[in-house]
Amino acid sequence: ESALPPQDGLRFLHMGSAFEYGSVEGAVSEGTSCRPQSDYAETKLDGTGRLVKLHAEGLPVLVLRVATVYGSGEHPHRLLPTLIRAAQTGETLSFTAGEQERDFTYITDVAEGLVRVLAKGVPPWPVANLATGRLHQVREFVGCAQEMLRLRPDQVALGGLPYRPDEVWQGPIDTSRLDSWLGWRPAVSIETGIRATIADS
């Protein structure tokens, strides 16, 4: 019998990351084995593991593994802020070839997902993916932002950098667990999200 007291609602909501899974061929579900490839991902997975144990002991907790979150308030060295800065300074940028696929999830969708989870109550499982379920190559995201920002063709060099040794390659993220429970899924397109982020910058 658990030594933890009974709880009426969700006690702890942890923001995990899809990078906890590491590189995966095919769909990425909550049951996919995790093979983190960076210190960041390992730290996230360690937090997830601790909460999964608490869930097994009866504590109402939830880990939301979010995908590639972007939008206002990002660290200035991340992808979209770097492109926005280039539009302001005229600097040139080098990227990898950008063939990696990411589930770009706009920050307002993530925030709405959190609010919906907290309003819904306690789920029957400790981990769920929060993402759009749609993949875009990094080069597609860069091209979309480049067009909106009116960056010169010579300002963005795709293929100018090699892929990192720990580059993560993933298939589509399965969001059916959370989608079914909430009756909702993130829906903001990268075009809409990039445009809104530029407007806020």
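The values are calculated or read from the model by the stated rules, or taken from the named source; none is laboratory data. Treat the numbers as computed from the prediction; the structure is a model and nothing was measured. Just so you know, the surface numbers come from the protein's heavy atoms only, side chains and all, with ligands and any DNA or RNA stripped out. Shrake-Rupley method; radii C 1.70, N 1.55, O 1.52, S 1.80 Å.
In the assembled protein chains, K44 presents an accessible area of approximately 40 Å² (probe radius 1.4 Å). Taking a cut-off of 20 Å, what percent of all Cα-Cα pairs in the range 89-201 are separated by more than that? When all Cα pairs of the range 89-201 are counted, 52 percent exceed 20 Å. Overall, the accessible surface of the chain at a probe of 1.4 angstrom is composed of carbon and sulfur to the extent of 53 percent. Between P60, P153, P186, the GNM of the chain built on Cα springs shorter than 10 angstrom shows P153 fluctuating the most.
Most simply put, the chain has about 10% antiparallel DSSP beta bridges, counting only bridges with both residues inside it. Relative contact order of the range 3-121: 29 percent, from C-alpha pairs under 8 Å at least 6 residues apart in sequence.
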